[in-house]
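Every read-out reported here was derived from the displayed coordinates using simple, explicitly stated rules and does not represent laboratory data. Please read all numbers here as calculations on a predicted model, not as lab measurements. Glycine also receives a Cβ, built like all others from the backbone with ideal geometry; neighbour counts cover every protein chain displayed.
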Amino acid sequence: MFDPNNKNQIRIGFIGAGIVGISLALALRKSDYNVRSIFSRRKKSSETFARLISGCHVVESYDEVSAKSDIVFITTSDDSIQAVASKTNWRSKQLVVHCSGASTLDVLEEARIQGAYVGSLHPLQAFASFEDGVLSIPGTTFAIEGKEFARSFLESLALDIGGEVIYLNSEDKVLYHLTGVMMGGMLSTLAASVSDLWRLFGYDREKGVNALSKMIHQVGINLRQLGIPDAVAGPYSRGDIGTIEKHLSGLLDKAPELLPVYCEMALIGLPYAFEKGNLSEEKLQEIRGLVLSFKNKGEFK
Ligand SMILES: NC(=O)c1ccc[n+]([C@@H]2O[C@H](COP(=O)([O-])OP(=O)(O)OC[C@H]3O[C@@H](n4cnc5c(N)ncnc54)[C@H](OP(=O)(O)O)[C@@H]3O)[C@@H](O)[C@H]2O)c1
């Protein structure tokens, strides 16, 4: 078994040269870990990876990565992890890790049967390019699933590259992962649909995205600095029922497909607005009644 305290002696290999693989490998290299081998579906991807990670070489098969590594990160798409794990020959006491937030350790069962330690290390982050990906790693929360050795090793590795750590059991994975999807992917969807509304008052969606994404950035800062409920802002937390009514009527008139989303978000947000302490119980019920009266008037196209 490799010595977890002697990090520059540990040989790390990657299968899957995509955005997360490259971002993680760059972060590990920066923290003096040795990323030695890469194998990806396409040679071109492997070569890009190896060019970016000093000391890393392209190898020819899953088995070659495994044979040359103490730790193997499988950073393929989620759907390929299990197939890769099943097609590879693993060694006893080697560590095999995937980075999927939705998959449990079940997908690495074949490696476990062959005697390897198994774990997952999921960065709760939206990676769109490796250049930004590696910059975003410090401060990112990494969710770890694994038993004793895998868990403690992955914890020190995540801390080494500047991450924060939480631990999950298999049964927590779905709930955990959907929080990321709602905050990442679905927030982007919301941004796309409200940016499209900018066309209705004469600006293109890019102008809207540019303006609104700066606001999202500040919302993130407010959430971290003020916490909930203090960071919850807007007409709901102020109890501005006149403004709320204008929104509801405006959406019904101009973009009825967004009205159900607006109403659901408003109803979900009301308890936090109330918790903030500026709303009376009476005002809360008045707003809820108003929103409910509009809720079913909109329709998805
Ligand atoms: N993107 C995110 O925001 C994010 C965040 C957290 C975790 N993750 C997780 O990180 C993992 C990788 O995601 P990603 O965004 O980096 O995906 P990605 O950019 O699509 O990269 C996946 C890479 O895996 C390679 N690959 C796919 N199937 C393969 C196979 N059977 N054998 C060998 N290589 C294979 C592809 O190779 P070729 O280029 O060679 O075809 C591709 O480069 C996933 O488990 C994902 O859930 C992603």
If you take the charge dipole of the chain about its Cα centre, with +1 on Lys and Arg Cβ and -1 on Asp and Glu Cβ, which of Ala102, Ser213, Ala50 is farthest toward its positive end?
Ala50
Under unit Cβ charges (Lys, Arg +1; Asp, Glu -1), what dipole magnitude, rounded to 20 debye, does the chain have relative to its Cα centre?
720 debye
For the chain, modelled as a Gaussian network with Cα springs under 10 Å, which listed residue fluctuates most, Gly202, Gly101, Gly55?
Gly202
Among Trp198, Trp90, which comes first, then next, by fewest other beta-carbon atoms within 10 Å?
Trp198, Trp90
Answer with one residue from Thr189, Leu124, Gly202: the one whose Cα lies farthest towards the positive end of the charge dipole of the chain, charges on Cβ with Lys, Arg +1 and Asp, Glu -1.
Gly202
Of Ala266, Ala192, Ala17, the one that fluctuates the most in a GNM where the chain has Cα springs shorter than 10 Å:
Ala266
Which residue fluctuates most in the GNM of the chain (Cα springs below 10 Å): Val219, Val59, Val97?
Val219
Just to verify a number: FRET efficiency for Ser293 and Leu200, C-beta to C-beta distance, R0 = 22 Å, to 0.05?
0.40
Point-to-point label distance, Glu171-Ile113, nm (Cα→Cβ direction, 7 Å offset):
2.5 nm
Let a ≥ b ≥ c be the square roots of the eigenvalues of the Cα gyration tensor of the range 206-301; is it rounded (a/c under 1.5), or, if not, prolate (a/b larger than b/c) or oblate?
oblate
Simple spin-label estimate for Tyr272 and Lys44 in nanometres, 7 Å along Cα-Cβ
4.3 nm
If you line up the long axis of helix 241-254 against the longest principal axis of the chain, both from Cα atoms, how many degrees apart are they, to the nearest 10?
80 degrees
Dipole magnitude of the range 1-135 about its Cα centre (Cβ charges: Lys, Arg +1; Asp, Glu -1), debye to nearest 20:
380 debye
Considering only the chain, what is the antiparallel percent among its DSSP beta bridges, to the nearest 5?
20 percent
